[in-house]
1. Give me the pairs, please: first residue somewhere in segment 7-18 and in contact (Cβ under 8 Å) with a residue 12 or more places away in the chain and within 24 Å of Arg99 (Cβ to Cβ), second residue anywhere and assigned to a helix (DSSP H, G or I) and hydroxyl-bearing (Ser, Thr, Tyr), beta-carbon distance under 9 Å, and either six or more positions apart or on two chains.
2. Take segment 1-30 and flag every residue that is more than 11 Å from Ala138 (Cα to Cα) and surrounded by 23 or more Cβ atoms within 10 Å (Cβ to Cβ).
3. Out of the residues in segment 93-117 that are more than 28 Å from Gln32 (Cα to Cα) and surrounded by 10 or more Cβ atoms within 10 Å (Cβ to Cβ), state the one that is modelled with the lowest pLDDT.
4. Could we say that Gly50 is in contact with a helix residue (DSSP H, G or I) (Cβ under 8 Å, 6 or more places away or on another chain) and modelled with pLDDT under 85 here?
5. Are any residues in segment 62-84 out of contact with any Asp or Glu (no Cβ under 7 Å at 6 or more places or on another chain) and among the aliphatic types (A, V, I, L, M), and if so, which ones?
Amino acid sequence: MFRKVLLCYDGSREGRRALRQGADVAIAMKSQVFLLAICRSLPTALVPEGVTAHFVSDCEERAQGLLDEGVAWLRDHGLVAEGALVEGDAIVEIADTARRIGADLIVVGYRRRSALQRWWTTSDEESLLERVECSVLAAASLD
């Protein structure tokens, strides 16, 4: 039985699928839920010209609004839920949050990578599975 479920959301279609499937699991098991919204941070040197602090602030406000809406939806469906908006590397943030909240299950979205993407990924990267000590449900995109 999963008592505490960490739902991870990055704004992608796969992330939305993970939220739906993770919420179904949490509702069925009457689990506590922690919704983690992850924004990737860009080094200042990589921020495109014309992107202002106001634009970044507006994106964060929208992300926080979506997070608040998601937590409210989970609560409306009878779950004990809280959430956080973080910025950084998804694998690091998910693993750290899972450890901090004592998650029994992590739910993430998964998208198949192309051969070119796999080719450019180094083999020394540590996967999420290698960083956590709980179960992981990958909600796969069929596209």
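1. Close Cβ pairs (under 9 Å, with a partner that is assigned to a helix (DSSP H, G or I) and hydroxyl-bearing (Ser, Thr, Tyr)) amount to Cys8/Thr97.
2. Taking segment 1-30 first, the residues more than 11 Å from Ala138 (Cα to Cα) are 1-6, 9-13, 16, 20, 23-30.
Scanning segment 1-30 gives Val5, Leu6, Tyr9, Ala26.
3. To start, the set of residues in segment 93-117 that are more than 28 Å from Gln32 (Cα to Cα) comprises 112-117.
Of the ones still in play, those that are also surrounded by 10 or more Cβ atoms within 10 Å (Cβ to Cβ) are 112-113, 117.
On the way: Arg112: 67, Arg113: 62, Gln117: 49.
Here the answer is Gln117.
4. Numbers: in contact with a helix residue (DSSP H, G or I) (Cβ under 8 Å, 6 or more places away or on another chain): no; modelled with pLDDT under 85: yes.
No; evaluated as a whole, the condition is false for this residue.
5. Residues of segment 62-84 that are out of contact with any Asp or Glu (no Cβ under 7 Å at 6 or more places or on another chain), as a first pass: 62-70, 72-84.
Scanning segment 62-84 gives Ala63, Leu66, Leu67, Ala72, Leu74, Leu79, Val80, Ala81, Ala84.
The values are calculated or read from the model by the stated rules, or taken from the named source; none is laboratory data. Please read all numbers here as calculations on a predicted model, not as lab measurements. Cβ atoms come from the backbone with ideal geometry, glycine included; neighbour counts cover every protein chain shown.
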